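Reviewing the structure listed below.
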Amino acid sequence: MSRQIRPTTAYVDLERLGRNLHRIQAAAGAGVRVLAAVKGDAYGHGATRAALALEAAGCDAFGVALVEEGKTLRRAGVKGEILCLGGVGHDGAEEAVAWSLTPVVYDLDAAARLDAAGRARGRPVDVHLKVDTGMGRLGVPLGDWEHFLDRLAEFAHLSVTGLASHLAESEATDPTFTQEQARRFQVALDALHVRDWRPQWRHLANSAGTLGHPSLASGRFNMVRTGLALFGVAPGPGLGRDLEPVMRVTTRVLFVKNIPTRYGLSYGRTWMSPRPSRIATLPVGYADGFPRALSNRGHVVIGGHRCPIRGVVCMDMVMVDVTDVPEPVRCGDEVLLLGDGLAAEELAEWAGTIPYEILCGFSERVPRRFQD
């Protein structure tokens, strides 16, 4: 491996990841399977290393968005069930079957292609069906569910091993709609039972549903799908206080200079110094996934002190005000961009987005360093 020159780095603590898994397993309760969502390169944490660490820690089910993501995990040696949460698309049926992936099915055309792939290989294909209980994204509309099941019965090489849906507002303080989605899920499950289909896995809860709605991890539900919580980010107000952030992103000061009063910084000179100031330039920008929306809003931490971002975040650099840091800031000093003391939730609030986007946003230009 070539020597890293640029200092901006994301450190991924796999021990913390394992501990978060065990906390979620305890919250879900005995007999409830935890599926780890590792789509989107495990929310920016590195899918293969994260999945292998989670498997070693006792996780036996993983969720990806794409067939390609599932293939990558299989090639890396992941042995557990890999659920293709987004389905297999128009061209992914044969690949999904060849790599022993479990597709989520919500339309008859995809079901037909998977059935044909199973028939060609002489074995049934395990699938999870998805019903739309209110998210409105993927899933068979509840009004079409009975007809969908009647047609699905024609495919002899499909084995229905799971039923899934997706919560729309599980982090909301008002549980009314989440409870309604659970009721609709039961209607869909009853229709399966009438046809003598009894899927082994029934899952509706995401991270917020798992930690905030215990009824969604018990009784008729025996699997939960967690992503954000696994990586140590609270999925909703008051949830997951004991979770540990898994990713820490740092860089080092590139340049330090003094500027006079009324000196403008960065493109458009959107910030003018109100006093003589000391400014540190950092080698990180929006090409690395450090959001431009943090311009004049966010902070970094240097020497244990929060330093405000001044001016517009550039493609490769950002400037911060270190005037009030007691100890002189020098070139090469470490800078915390994300981690203990500077949570993804805070960055998301400053940037007007959600923690998912913060974590997933750090680009391939930022090397991942894994800590076992």
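The values are calculated or read from the model by the stated rules, or taken from the named source; none is laboratory data. Bear in mind the structure is a predicted one, so any value in this text is a computation, not a measurement. Here the Cβ is made from the backbone with ideal geometry for all residues, glycine too, and neighbour counts use every protein chain on show.
Considering the range 184-214 alone, what residues qualify as being crowded, with 21+ Cβ neighbours inside 10 Å, touching a Ser or Thr at 6+ places or on another chain (Cβ under 8 Å) and part of a helix (DSSP H, G or I)?
Phe185, Ala188, Ser207, Ala208, Gly209, Thr210, Gly212
Can you tell me which residue among Gly63, Gly77 is farther than 15 Å from Ala229 by Cβ and not acidic (Asp, Glu)?
Gly77
Is it true that some residue in the range 202-215 is within 16 Å of the chain's Cα centre (by Cα) and of a type in the set (Val, Ile, Thr)?
Scanning the range 202-215, I find at least one residue that is within 16 Å of the chain's Cα centre (by Cα) and of a type in the set (Val, Ile, Thr), so the answer is yes.
Among what's in the range 107-125 and is outside any helix (DSSP H, G or I) and surrounded by fewer than 22 Cβ atoms within 10 Å (Cβ to Cβ), pick the residue that is nearest to the chain's Cα centre (by Cα).
The extreme case among them is Asp107.
Kindly list the number of the only condition in (1) over 30 Å from Ala56 (Cα atoms); (2) under 28 Å from the mean Cα position of the chain (by Cα); (3) not charged (D, E, K, R) that fails for Ile358.
Among (1) over 30 Å from Ala56 (Cα atoms); (2) under 28 Å from the mean Cα position of the chain (by Cα); (3) not charged (D, E, K, R), the lone unmet condition for Ile358 is (1).
All but one of (1) over 30 Å from Asn296 (Cβ atoms); (2) buried (at least 19 other Cβ atoms within 10 Å of the Cβ) hold for Asn222; state the number of the condition that does not hold.
The failed condition is (2).
Starting from the range 57-78, take each residue that is assigned by TED's automatic domain parsing to the domain that holds His90 and list its partners that are hydroxyl-bearing (Ser, Thr, Tyr) and in a helix (DSSP H, G or I), counting only C-beta distances under 7 angstrom and pairs at least six apart or across chains.
Note: pairs meeting the criteria are Thr72/Thr48; Leu73/Thr48; Ala76/Thr48.
Within the range 1-54, can you find the residues that are closer than 20 Å to Leu211 by Cα and in a loop (DSSP other than H, G, I, E, B)?
Within the range 1-54, Gly29, Ala30, Gly31, Val32, Val38 qualify.
Within the range 224-276, how many residues are out of contact with any Pro (no Cβ under 6 Å at 6 or more places or on another chain), small (Gly, Ala, Ser) and at pLDDT 95 or above?
Total meeting the criteria: 5.
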